[in-house]
Amino acid sequence: MSTFHGHGEDAPLHVPGLDSPQVQAGLASRLADGSFAAFEQTAASVGYCSNPIRLVGSSTTVDTKTGEVVGSFSSEDAPLGALYRRCGNRRDHVCPSCSRLYARDTFELIRAGVQGGKQVPTDVADNPLVFLTLTAPSFGHVHGARVHGGPCRPRRRDDRTRCVHGRPMWCHARHETTDDEVGAPLCSECYRYDAHVIWQWWSPELWRRLTIEVRRALASRLGVAESRLADVASVQYAKVAEYQARGVIHFHALIRLDGPASAGVGSPAPASLDGNDLAQLLRDAVARVAYTAPAARNNDDTTYRLTFGRQVDARTVRAGSRTDAPDGPLTPGQVAGYLAKYATKDATAAAGTDRRSTPHLRRIKDVCRDLHAHARDRETYCRATNPDHVDPYRLLGKWAHALGFRGHFSTKSRRYSITLGALRRARVRWQAIAAESRRTGDPIDTADLEARLLAADDEETTLVVGEWAYAGTGWETPGDAALANAAAARAREYDQWKADHKSA
Ligand SMILES: [Zn+2]
Ligand SMILES: [Zn+2]
Ligand SMILES: [Zn+2]
């Protein structure tokens, strides 16, 4: 295996902004006052987070059984005189480091729900599992990058129609996924922006209705009353929302059929249903889901009957047969990887590039704010028709930055797998155990280490009592920030290099 070229003296760290006087001054003062090593240690401890949170204060760790003080920590003893914590932001353009950690945790918890591990029994691997993609309907023709670089919307010469605004309804360009046109409508006047925003606003409601519909269908299929379904089977899922180039979200979900939820995560599923049956049941259920949303403008008499898009992809996942054929079976690792990747994308990355703002995406945000601005009128109207009725769109403006999507980007049912919180707690516990071992020189006790790390909070035997005050966010100088970001970028390159060499 070749070595990573990003290390060593012939590959100096690329520090963006090194020509800025503030960055230079910051770095020079770290070198002059001898605090560079302290900074380096601190930056490494937060994984080169872009915007760490600084805290000052102290804490004491107490054994809850004996009341004995087993350790204490004060920020005065920390290398830079403050306790630095990761910002924990999910979005890649806000903090690449924390975003990668979030993706890794999401990957771990999704994979544990697919094949077991992390205290989830490996029996989950025997249960039917489907990878479901739910699309949004069309709100008008948009430009798109085609697979194999084909033309956008080709039409024969005798089949070229224009819209009522005189714009061509064809396009022979071969777009790259990063082109500004991709996702933008062929005619912005024809594009149904209100319907787009209204659909996005209610998409969490469509998902909720789907979960009800699936339980209903499953009960009927298993021949039990809906109220008794929990005694026989349960549906567990992990789902993420992903923005498409046209600024609308799709849902991707892993759906697993378990036995009774009371029998624990991954209890044996009823034998009468396999993965293919579950996939068919899901397709049928998706087709039945609909919600009639109220109009968002007083003078709008459109009936907004919302459904998922017609393109429903429900694939049975089988373990151990890796293939890259588009219709072939998926491996648990592949699906966990897809979901984790989608979970860190956000609205500004909708078209595949970061911090992108196209006229189309701006227009969607404007429509969110515009519909929100009608809220006062609507409120009066809503109260007149029904005294308890509160305007359902009153918070739409608040969600304009997310293009009107108010749901969570990544959610899971309670008994799908472990939680992100448990993984984060395990990391903190691991750091404490490792630090203690370094301090005492004793080797780490590996007996049921994973069980101890992932134990629930109420099983903890120590209690940390502390008093902390918020001292600020971010690195102290632009020089520190530039170095942290450069180191995070190098770490990312290294991970990518490792991944490339593993798959090669
Ligand atoms: Zn961060
Ligand atoms: Zn086009
Ligand atoms: Zn038009």
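When the residues of the range 168-187 are filtered to those that are of a type outside the set (A, V, I, L, M, F, W, C) and in contact with a helix residue (DSSP H, G or I) (Cβ under 7 Å, 6 or more places away or on another chain), the one that is farthest from ligand 3 (Cβ to nearest atom) is ARG174. Remark: ALA489 falls outside the filter, which requires a residue to be closer than 22 Å to LYS65 by Cβ and among the small types (Gly, Ala, Ser). Sub-8 Å Cβ pairs linking a first residue in the range 113-131 that is assigned by TED's automatic domain parsing to the domain that holds LEU218 and at negative phi to a second residue that is open to solvent by 60 Å² or more (accessible area, probe 1.4 Å) and of a type in the set (Gly, Ala, Ser), at least 6 apart or interchain, are VAL114/ALA319; GLN115/ALA319; ALA125/ALA319, ordered by first then second residue. Tell me yes or no: at least one residue of the range 160-177 is more than 16 Å from ligand 1 (Cβ to nearest atom), part of a helix (DSSP H, G or I) and in contact (Cβ under 8 Å) with a residue 60 or more places away in the chain. No. Would you call GLY150 within 16 Å of ligand 2 (Cβ to nearest atom), open to solvent by less than 30 Å² (accessible area, probe 1.4 Å) and either out of contact with any Cys (no Cβ under 9 Å at 6 or more places or on another chain) or among the hydrophobic types (A, V, I, L, M, F, W, C) (or both)? The answer is yes for GLY150. Just one residue in the set ARG54, ARG30, ARG90, ARG100 is among the charged types (D, E, K, R) and assigned to a loop (DSSP other than H, G, I, E, B); that residue is ARG90.
Among the residues of this structure, SER99 does not count as one that is surrounded by fewer than 20 Cβ atoms within 10 Å (Cβ to Cβ) and either away from ligand 1 (no atom under 16 Å from the Cβ) or modelled with pLDDT under 90 (or both). Give me the residue from the range 177-202 that is closer than 17 Å to PRO154 by Cβ and of a type in the set (D, E, K, R) and, out of that set, nearest to ligand 2 (Cβ to nearest atom). Per the criteria, the residue is GLU181. Listed conditions (1) of a type in the set (Val, Ile, Thr); (2) away from ligand 3 (no atom under 16 Å from the Cβ); (3) under 23 Å from ASP313 (Cα atoms) are all met by VAL142, apart from (2). Tell me yes or no: at least one residue of the range 71-90 is open to solvent by 30 Å² or more (accessible area, probe 1.4 Å), within 13 Å of GLU476 (Cα to Cα), small (Gly, Ala, Ser) and in contact with a Ser or Thr (Cβ under 7 Å, 6 or more places away or on another chain). Yes, the range 71-90 has at least one match.
Residue by residue, here is whether (1) open to solvent by less than 20 Å² (accessible area, probe 1.4 Å); (2) assigned to a loop (DSSP other than H, G, I, E, B); (3) farther than 30 Å from GLY183 by Cα holds:
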site: ARG228; (1), (2), (3): no, no, yes
site: LEU254; (1), (2), (3): yes, no, no
site: LEU257; (1), (2), (3): yes, no, yes
site: VAL265; (1), (2), (3): no, yes, yes
site: PRO268; (1), (2), (3): no, yes, yes
site: ALA271; (1), (2), (3): no, yes, yes
site: ALA279; (1), (2), (3): yes, no, no
site: ALA285; (1), (2), (3): yes, no, no
site: THR292; (1), (2), (3): no, no, no
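With the condition kept exactly as written, say whether any residue in the range 468-488 is surrounded by 13 or more Cβ atoms within 10 Å (Cβ to Cβ) and more than 25 Å from ARG100 (Cα to Cα). There is at least one residue in the range 468-488 that is surrounded by 13 or more Cβ atoms within 10 Å (Cβ to Cβ) and more than 25 Å from ARG100 (Cα to Cα).
The values are calculated or read from the model by the stated rules, or taken from the named source; none is laboratory data. As the structure is a computational prediction, the values presented were derived from the model and not from experiment. Here the Cβ is made from the backbone with ideal geometry for all residues, glycine too, and neighbour counts use every protein chain on show. When the accessible area is computed, the model is the full protein with side chains, heavy atoms only, and any ligands, DNA or RNA have been set aside. Shrake-Rupley method; radii C 1.70, N 1.55, O 1.52, S 1.80 Å.
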